[in-house]
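Let me begin by presenting the structure, written as structure tokens, before commenting on it.
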Amino acid sequence: MQNTCFHIGHLSVKPPLVLAPMAGLTHSALRTIISGFGGCGLLSTEMLPARSLVAENPNVSPFLIRSEAEKPLSYQLLAGRPEDIEPAVKRLEELGAAAIDLNLGCGAPKVRRAGCGIALWEDRSRLVAVVRQIRRCTRLPFTAKIRLGPAPDEEKFMERVKLLEDLGLDALYIHARLDRESFSRPPRWEFAGMAKEWISIPVIINGGIFSLSDAKKCLSQSGADGLMIGRAAAVKPWIFSDIASSLFGFEADPEKKDLPGLYLEFYQLLVSRFPEERRLGRLKEFTHHFARNYPFGNRLAMAVQRAGSMEHARNLALEFFEKNVGTERI
Ligand SMILES: Cc1cc2nc3c(=O)[nH]c(=O)nc-3n(C[C@H](O)[C@H](O)[C@H](O)COP(=O)(O)O)c2cc1C
């Protein structure tokens, strides 16, 4: 029987479902929509570089803007040097972070070159120094998000996972893919779940969960304490509520989903909360995923991609919705 919550230090995550950090996607607008449906036990920011974080103005920074409804909210740090940690962690505490997550899984060339993400995961001594420093600076619940490593090497994976627990982490998010595996490849839920045998902090599995049936399969193959969901949250922001009501007894509103209404709500949140020059890129990124709700969704994504302004994008989207009434995949 699956537990209906897990604990990250003093934070109870209930239901045991976490929004994955996603650059350009897990900002205030999407988090607000997800919170409206409910069922997500812990929201996330996107990765926030420790060095620039301290200079960001939380009232206008698209990375830090948030509303009261977006809670509990975990902030993800991208860091590679112990000396950058103290001011960044202090900042996150001031911002009201419910938890701090360290990015150890991003393999983007720019991130690797900066010695962060996977590059930090691979450099044992620097990894120890950075993780120790975060643990020393804060009593907030502290997690890390990792991949499985460069190759399916059980020994090495076990060594690193145990190391993180020994250094004082409160929970571990595991994206069930090797370092260079693409997001389209089937996830290795069973391999990731081996971590459950080696450590006693909660293990939350991520990767390739797009439906209730994926959620069930992932839990049974991995034995995880909880699930972390990324892209599907931008396709179906109600996915947490669906999974939580079916698997964890969460009371969800069974109302039919109004996709155009949801899209316009997202649009309006961008307009009301984000500086003008920060809106259109975020609308395009969201549309790329949301369009998957329609069989001809690529037409919606391509139309919005070409738009030169928010108004233009909205009109093109409305045109698409009108032409495609009744074709939704929900
Ligand atoms: C657009 C995009 C941005 C991402 N940004 C981040 C990030 O900032 N930090 C991070 O740890 N992972 C990031 N990821 C990886 C996701 O958190 C997640 O591990 C990945 O999408 C697999 O989960 P999914 O199959 O549920 O989407 C990003 C993924 C996408 C698609």
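Under a crude label model (7 Å from the Cα following the beta-carbon direction), how far is Arg299 from Ser200 in nanometres?
Using points 7 Å along Cα→Cβ, the separation is 5.9 nm.
Take every Cα-Cα pair in the range 259-323 and report what % of them are more than 16 Å apart. It would help to have the intermediate numbers written out before the result.
On the way: 736 of 2080 pairs.
The answer is 35 percent, as a whole percent.
Return the sequence-ordered ³J(HN,Hα) values of the range 227-233 in whole Hz as given by the Karplus equation 6.51 cos²θ - 1.76 cosθ + 1.60 applied to θ = phi - 60°, using x for Gly and Pro.
Result, rounded to whole Hz: 10, 10, 10, x, 4, 4, 5.
Starting from 0.36 nm per residue, how many nanometres of slack lie between Glu94 and Gln268 once their C-alpha separation is accounted for?
Values: separation 174, 0.36 × 174 = 62.64 nm, distance 2.79 nm.
Additional length available on full extension: 59.8 nm.
Please report the projected area of the range 84-198's Cα convex hull averaged over all directions, in nm². Present the calculation step by step, with values, prior to reporting the outcome.
Working: hull surface 29.5 nm².
Result: 7.4 nm².
What is the order of Ile100, Ile201, fewest Cβ neighbours within 10 Å to most?
Values: Ile100 25, Ile201 19.
Starting with the residue having the fewest Cβ neighbours, the order is Ile201, Ile100.
Pull out the extension gain between Ser182 and Val60, defined as 0.36 nm times the separation in residues minus the alpha carbon to alpha carbon distance; nm, one decimal.
40.6 nm
Once fully extended, how much extra length lies between Ile330 and Asp123, figured as 0.36 nm per residue of separation less the alpha-carbon to alpha-carbon distance? It would help to have the intermediate numbers written out before the result.
Values: separation 207, 0.36 × 207 = 74.52 nm, distance 4.45 nm.
Contour length minus the Cα-Cα distance gives 70.1 nm.
Would you mind computing the Rg to Rh ratio of the range 71-113 from its alpha-carbon coordinates, Kirkwood style for Rh? Mind dumping the intermediate values first?
Values: Rg = 11.5 Å, Rh = 11.4 Å.
Using Cα coordinates only, the ratio equals 1.01.
Here are some pairs, Lys14/Lys71; Lys156/Lys217; Lys156/Lys196; Lys236/Lys284; Lys236/Lys323; which of them have Cα atoms lying more than 18 Å apart in this structure? Working shown, then result.
Numbers: Lys14/Lys71 12 Å; Lys156/Lys217 26 Å; Lys156/Lys196 15 Å; Lys236/Lys284 16 Å; Lys236/Lys323 21 Å.
Cα-Cα > 18 Å for Lys156/Lys217; Lys236/Lys323; rest within.
Quick one: which of 281-288, 160-167 comes out on top by average Cβ neighbours within 10 Å, and what's the full order, highest first?
Working: 281-288: 20.1, 160-167: 17.4.
So the order, starting with the most tightly packed, is 281-288, 160-167.
If each DSSP helix of 4+ residues adds -39,500 (n - 2.57) and the sum is divided by the residues in the chain, what number results at 222 nm, nearest 500 deg cm²/dmol?
On the way: 16 runs with 145 residues, N = 330.
Rounded to the nearest 500, it is -12500 deg cm²/dmol.
Could you work out the mean projected area of the convex hull around the alpha carbons of the range 191-271, in square nanometres to one decimal?
Working: hull surface 26.5 nm².
For the Cα atoms of the range 191-271, the hull's average projected area reads 6.6 nm².
Roughly what percent of Cα-Cα pairs across the chain reach past 34 Å?
On the way: 11497 of 54285 pairs.
It works out to 21 percent of all Cα pairs.
Take Cys116, Cys5 and order them by how many other Cβ atoms sit within 10 Å, fewest up front.
Numbers: Cys116 27, Cys5 15.
Fewest to most other Cβ atoms nearby, the residues stand as Cys5, Cys116.
What distance in nm separates the two pseudo spin-label positions at Glu276 and Leu163, each 7 Å out from Cα along the beta-carbon direction?
4.9
Which order results if Tyr173, Tyr294 are arranged by neighbouring Cβ count within 10 Å, fewest first? Write down the numbers at each step before the final one.
On the way: Tyr173 29, Tyr294 20.
If I rank by nearby Cβ atoms, fewest first, I get Tyr294, Tyr173.
Which listed residue (Asn103, Leu264, Leu169) has the Cα farthest towards the positive end of the charge dipole for the chain, taking +1 on Lys and Arg C-beta and -1 on Asp and Glu C-beta about the Cα centre?
Asn103
Nearest 20 debye, what's the magnitude of the dipole of the range 6-248 about its Cα centre given +1 on Lys and Arg Cβ and -1 on Asp and Glu Cβ?
Numbers: 31 positive and 26 negative charges, 68 e Å.
It works out to roughly 320 debye.
With +1 on each Lys and Arg Cβ and -1 on each Asp and Glu Cβ, how big is the dipole of the range 154-207 about its Cα centre, in debye rounded to the nearest 20? Show your work: numbers first, answer last.
Working: 8 positive and 10 negative charges, 55 e Å.
Taking the Cα centre of the range 154-207 as origin, the dipole is about 260 debye.
Looking at Ala195, Ser12, Gly117, which one has the Cα that reaches farthest to the positive end of the dipole of the chain (charges on Cβ: Lys, Arg +1; Asp, Glu -1)?
Farthest towards the positive end: Gly117.
Taken together, the values in this text are just the output of simple stated rules run on the coordinates, not laboratory data. Keep in mind the model is a prediction, meaning the values are calculated, not measured. No Cβ is skipped: glycine too gets one built from the backbone with ideal geometry, and neighbour counts run over all protein chains shown.
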